[in-house]
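Structure, as structure tokens:
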Amino acid sequence: MTEAKLSTFSAPKGTYDLIPPDSETFLAVREAIAAPLRSAGYGYIETPVFEDVKLFSRGVGESTDIVTKEMYSLTTKGGDELALRPEGTASVLRAALQANLHRVGNLPVKLWYSGSYYRYEKPQAGRYRQFSQVGAEAIGAEDPALDAELIILAVDAYRSLGLKNFRLLLNSLGDRECRPVYRAALQDFLRGLDLDEDTLRRAEINPLRVLDDKRESVQKQLTGAPLMRDHLCEDCKAYHEQVRELLTAAGVAFEDDPKLVRGLDYYTRTTFEFVHDGLGSQSAVGGGGRYDGLSEMIGGPALPSVGWALGVDRTVLALKAEGVETAVPARTQVFAVPLGEQARQVLFGLVTEARRAGVAADIAFGGKGLKGAMKSADRSGARWAVVAGERDLADGVVQLKDLTTGDQTPVAVTALVTTLKEKLS
Ligand code: AMP
């Protein structure tokens, strides 16, 4: 046996490797989130992991921590200013505009995606510098039913995984009519508070973000702060009311959270977050909202849109916190144990044939002896082992061993795959 040798390298700070068996849970979560989207008419989209930095920094709109502090930006040898994507929405919208998906008659464009995102954050449990999201965007329609559809699809995805202790927080951030008036009122209020320099600066650039400040000393002072819900214009109020009614009709419980703001600057009207109470401080498992102005911010036409992104890493942690086992995907059903060179060749051929016939089969590699190979068979989770040595092959048979009972019977080599298929059906 060779000594396990640690490599000189380890995964960079704030990142981790996805390895079996946990990686299976990741796949299960990704698939569970994708399934309801696919059946609701969302098409799959994949965009590059890096983009022109200006797609995210934009220069317009209000600054956010994600853009000012957390972005991985780089200059290429050719002088291009790029950034690793910190989120999916801007890229997806950029791609949809570039491919002209937003033709009249084609709206809303419904897309879903799955991938890695990058933020230079202070790593802690549930907060990483590379993390994984599945997201959905419905581009080019202003319809409360679309906001409700997306929220319901997220809830159904969580439920299909067996997740229970998540809550939906809901708010409206108003539109370009009522938001500026509210923003000014909030700014007036904030200027009168005893806040540190950083927070005061934030109050000037992006006052709504101050509402989201987690520090108790700040939250105390925010009692009595003007709230967006008291400043919504009639259109926004009616829109929000419809979203709420549709959610209620679909049996989706929510909590009105008038201070919910979220970390990106482009949200308008419907804003929401899914939180899980078993995760400590990094409790947001997903979130999203309407972004009616983003298309114009990146040079496109007016395309009111709505979307969300669910964090795969944190959903996996939430499932663990609740003790939920995700369905284990198809595992090895049959494990071949060749004894000797000739058997290795014959069984390798049979394993290939079995796989092509739809049987999940594996074989012992590396010239293992009977004991080691049988251990591998047990570890694989297979129900059956196919054991063969030279004497078996001379008789034209292999031994089919039931790994749960230990019973073993000879089966003709030519009949093996059919026998396996029958036993497994
Ligand atoms: P956001 O784009 O910030 O709304 O993020 C959407 C979801 O992605 C969050 O609710 C989290 O579940 C997840 N997420 C965001 N940032 C991180 C991170 N640094 N590490 C792990 N998950 C994250």
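Per-structure values
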quantity: Percent carbon-and-sulfur accessible area, the chain, ignoring ligands, DNA and RNA, probe 1.4 Å; calculated: 52 percent
quantity: Fraction of antiparallel bridges per DSSP, the stretch 334-424 only, in percent to nearest 5; calculated: 55 percent
quantity: Per residue, in Å², the accessible surface of the stretch 334-424 once ligands and nucleic acids are set aside, probe 1.4 Å; calculated: 54 Å²
quantity: Surface accessible to a 1.4 Å probe, per residue, for the residues of the stretch 1-111, Å²; calculated: 62 Å²
quantity: Accessible surface, per residue, of the stretch 230-270 when the full set of protein chains is kept, probe 1.4 Å, Å²; calculated: 47 Å²
quantity: Pairwise centroid distance, computed over Cα atoms, of the stretch 13-27 with the stretch 354-369, Å; calculated: 25 Å
quantity: Surface accessible to a 1.4 Å probe, Ser10 within the full protein complex, Å²; calculated: 100 Å²
quantity: Area of Trp384 that stays accessible when all protein chains are in place (1.4 Å probe, Å², to 10); calculated: 30 Å²
quantity: Nearest-20 debye value, the stretch 334-424 charge dipole, Cβ charges on Lys, Arg, Asp, Glu; calculated: 300 debye
quantity: Charge dipole (debye, nearest 20) of the chain; +1 at Cβ of Lys and Arg, -1 at Cβ of Asp and Glu; calculated: 1100 debye
quantity: Part-to-part distance (alpha-carbon centres) for the stretch 287-340 and the stretch 188-255, which is given in Å; calculated: 28 Å
quantity: Between helix 341-356 and the chain: long-axis angle, C-alpha atoms, 0 to 90°, nearest 10; calculated: 40 degrees
quantity: Cross-link table Lys77/Lys110; Lys5/Lys401; Lys54/Lys77; Lys320/Lys401; Lys214/Lys320; Lys164/Lys423, entries beyond 27 Å C-alpha to C-alpha; calculated: Lys77/Lys110; Lys5/Lys401; Lys320/Lys401; Lys164/Lys423
quantity: Where only alpha carbons of the stretch 334-424 are counted, the Rg and the Dmax (Å); calculated: 11.5, 30
quantity: Angle between the chain longest axis and helix 144-161 axis [Cα atoms, degrees, rounded to 10]; calculated: 30 degrees
quantity: Leading residue at positive end of dipole, the stretch 244-339 (Cβ point charges), from Phe274, Val252, Thr332; calculated: Thr332
quantity: Farthest toward positive dipole pole in the chain [+1 Lys/Arg, -1 Asp/Glu at C-beta], among Thr89, Ile298, Gly406; calculated: Gly406
quantity: Rounded to 10°, Cα long-axis angle of helix 312-322 versus longest principal axis of the chain; calculated: 80 degrees
quantity: Positive-end extreme of charge dipole, the chain - chosen from Gln98, Ala361, Gly286 (charges on Cβ); calculated: Ala361
quantity: Quotient of C-alpha Rg and 2.2 N^0.38 Å, computed over the chain; calculated: 1.26
quantity: Alpha carbon centroid spacing (whole Å) that separates the stretch 45-113 from the stretch 405-425; calculated: 54 Å
quantity: R0 of 25 Å, Cβ-Cβ distance Thr68-Asp194: FRET efficiency to nearest 0.05; calculated: 0.55
quantity: Relative contact order (%) - criterion: Cα under 8 Å, at least six apart; region: the chain; calculated: 15 percent
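The values are calculated or read from the model by the stated rules, or taken from the named source; none is laboratory data. Since we're looking at a predicted model, the values are computed, not measured. Please note: Cβ atoms are built from the backbone with ideal geometry, for glycine as well, and neighbour counts cover all protein chains shown. In case anyone asks, the SASA skips ligands and DNA or RNA and just uses the protein heavy atoms, side chains included. Shrake-Rupley method; radii C 1.70, N 1.55, O 1.52, S 1.80 Å.
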